[in-house]
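Structure first, commentary second.
The values are calculated or read from the model by the stated rules, or taken from the named source; none is laboratory data. Just so we're clear, the structure is a prediction, and the values are computed from it rather than from any experiment. Counting neighbours? That spans all protein chains shown, and the Cβs are built from the backbone with ideal geometry, glycine included.
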Amino acid sequence: MRQDAQYDYRAIKGFAISSLFWGIVGLVVGLLISLQLVYPSFNVPPWFTYGRLRPVHTNAVIYGFTVPAAFSLFFFLVQRLSRTRLAFPGLARVTLYFFNIVIVLAALSLFAGMNQSKEYSELEWPLDIGVVILWVMFSINIIGTIMKRKEEQMYVSLWYILATIVGVAIVYIGNNISVPVSLFKSYPIYAGANDANVQWWFGHNAVAFVFTTLPLAVFYYILPKATQAPLYSHRLSIIGFWALVFAYLWTGAHHLIYTPLPDWIQTVAIAFSIFLIAPSWASVINGYGTMQGQWEQMRSNYLVKFIVLGITFYGLQTIQGPSQAIRTFSALIHYTDWVPGHVHMGTMGWLTMTLSAGMYYMVPRIYNTEVYSIKLANLHFWLVLVGQLIYSVTMWTTGIRQGAMWQAMDHDGSLVYPNFIQTLAPNYPFWNMRTVGGVIFFAGFLVFVFNIYKTIKNAPALEKIQERDVAQTA
Ligand code: HEM
Ligand code: HEM
């Protein structure tokens, strides 16, 4: 407790709570769009139609849930790994308030149909400026804290945190350079195939720097803490880091296979996608290596369960992703439901499990208490695991079916299923199963939120002590 007084946790708490709140919003909208695909009556025009709600779902889970989880976990990690206090605690609190204002405006603008029509880059230019300001404030605090660190060594999590900061800044600004024509409308400076290329350079690096380096920073910190075992190999972690950040930046065009984009750009992207297996698996090997002699903890330690299953889904995801980049496989699964299956193994499996482990580790420490219920944490684990598996497996199955039906030909070369609707209708039972998987996952998420809420609620007095200590040592 005394040692913790040197750290400032105030904004961290706000970001953790914001993340959980926007997580609920994003998942509710995810369930709604899942229903809308099967039951059109769930569309309420104009605000609550699928076209408007889909980006609300993706933006809420990416920018509303994942990003503030990173703000809170990174502010926590950076102080502990640097063994120093946050450089600008006041700025961190301003960032928190500003973040919530920007997210509310972003959600309203998407409901209202304002959209740049670029996936994950939907927000119109005034909000893009808000996002950039937020990111600058966040970066100043992280970099400032690292600069005044008392710990000479930079543990690999700090490298991943820095990569997240720099990577997101570069690709977000690069893809959003546009010419405003009114307060609510702008056009990108890139045109045609160039625009698509820049968009997917951004899109895949959103995967790289929001869904990969961000949870990897948390993974590398929590893994040895949860297992109480030293990291298997620091050298491997650093080699993996540099190879990963180098390779990711070239892979975007694997989203544009068989498009008018020059063939050689597609081939470069495919080659780097396959190369990515190596640095991705460096982390998986580090995870499993650290678990050597510790596997019994998979039964007894709920944090270990989350972190090991998380890295396992990352391992599967980073074999599946490169396979999808290969032309022949892409021809089968591109545009099918296979892709949401891939996405949600990564997000509901790898990302959410790792962030949950991070929160379960962090929240009791910043409130100086114990987690409210380990039983509930285990229940949370099983519900999100089962929900995610139902979601992904049903989407892979129907995706392969769809792709095969689109390609099916008679002996004379004519299509067996010439009407798109013939290939669409068989999706319905699978889409219903996806909703079932989503409901189970959501139930797990609610258990998680309840557990964190009770953990916080049970510790108000201690929290005051912490804040008093922080004030005294400031
Ligand atoms: C070695 C690493 C990876 C490679 C090479 C890779 C490759 C791919 C490819 C080729 C696609 C396009 C599929 C298509 O539309 O035909 C894709 C989509 C996607 N991947 Fe991965 N993937 C990797 C890891 C991950 C991870 C760790 C996540 C984390 C959640 C992830 C999330 C996504 C998302 C969100 C999309 C969908 C983008 C969209 O169309 O909106 N990927 N990936
Ligand atoms: C209750 C859980 C969830 C449900 C029911 C759900 C549902 C959906 C649906 C129906 C889509 C549209 C699929 C399509 O285009 O055909 C979608 C897309 C997407 N969701 Fe979720 N989702 C859930 C959780 C999450 C989480 C936790 C994340 C991230 C943290 C996430 C990130 C995404 C992304 C990035 C896409 C775009 C995928 C693409 O373009 O291929 N979802 N989701």
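What the table below lists for this structure:
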{"read-out": "Sole residue being buried (at least 21 other Cβ atoms within 10 Å of the Cβ) and outside any helix (DSSP H, G or I), chosen from Thr347, Thr354, Thr336", "value": "Thr336"}
{"read-out": "All positions within region 315-333 that are surrounded by fewer than 17 Cβ atoms within 10 Å (Cβ to Cβ) and β-branched (Val, Ile, Thr)", "value": "Ile319, Ile326, Thr328"}
{"read-out": "Residue in region 395-416 that is within 14 Å of ligand 2 (Cβ to nearest atom), of a type in the set (Gly, Ala, Ser), surrounded by 15 or more Cβ atoms within 10 Å (Cβ to Cβ) and closer than 30 Å to Arg365 by Cα present", "value": "no"}
{"read-out": "Qualifying residue in region 416-426 (condition: at pLDDT 95 or above, assigned to a helix (DSSP H, G or I) and under 25 Å from Thr66 (Cα atoms))", "value": "no"}
{"read-out": "Qualifying residue in region 371-391 (condition: outside any helix (DSSP H, G or I), crowded, with 19+ Cβ neighbours inside 10 Å, more than 16 Å from ligand 2 (Cβ to nearest atom) and aromatic (Phe, Trp, Tyr))", "value": "yes"}
{"read-out": "Residue check, Thr145 farther than 21 Å from Trp22 by Cβ, touching a helix residue (DSSP H, G or I) at 6+ places or on another chain (Cβ under 6 Å) and touching a residue at least 24 places away in the same chain (Cβ under 8 Å)", "value": "yes"}
{"read-out": "Meets criteria (among the β-branched types (Val, Ile, Thr), modelled with pLDDT of 95 or more and in contact with a Phe, Trp or Tyr (Cβ under 7 Å, 6 or more places away or on another chain)) for Ile33", "value": "yes"}
{"read-out": "Search result, residues across region 312-360 that are in contact with a Leu (Cβ under 6 Å, 6 or more places away or on another chain) and within 22 Å of Leu31 (Cα to Cα)", "value": "Met353"}
{"read-out": "Given (1) of a type outside the set (D, E, K, R); (2) at pLDDT below 95; (3) out of contact with any Asp or Glu (no Cβ under 9 Å at 6 or more places or on another chain); (4) over 18 Å from Ile161 (Cβ atoms), index of the condition Met1 fails", "value": "(3)"}
{"read-out": "Single unsatisfied condition, Asn368 versus (1) modelled with pLDDT under 95; (2) within 13 Å of ligand 2 (Cβ to nearest atom); (3) among the polar types (S, T, N, Q)", "value": "(2)"}
{"read-out": "Selection within region 287-310 - free of Cβ contacts under 8 Å to residues at least 60 places away in the same chain and closer than 19 Å to Leu231 by Cα", "value": "Tyr288, Gly289, Trp295, Glu296, Met298, Val308"}
{"read-out": "Hits in region 311-364 - residues which are under 20 Å from Pro215 (Cβ atoms), near ligand 1 (Cβ under 9 Å from one of its atoms), without any contact (Cβ under 8 Å) to a residue 60 or more places away in the chain and polar (S, T, N, Q)", "value": "Gln317, Thr318, Gln320"}
{"read-out": "Among residues of region 188-235, those that are away from ligand 1 (no atom under 16 Å from the Cβ) and hydroxyl-bearing (Ser, Thr, Tyr), counted", "value": "5"}
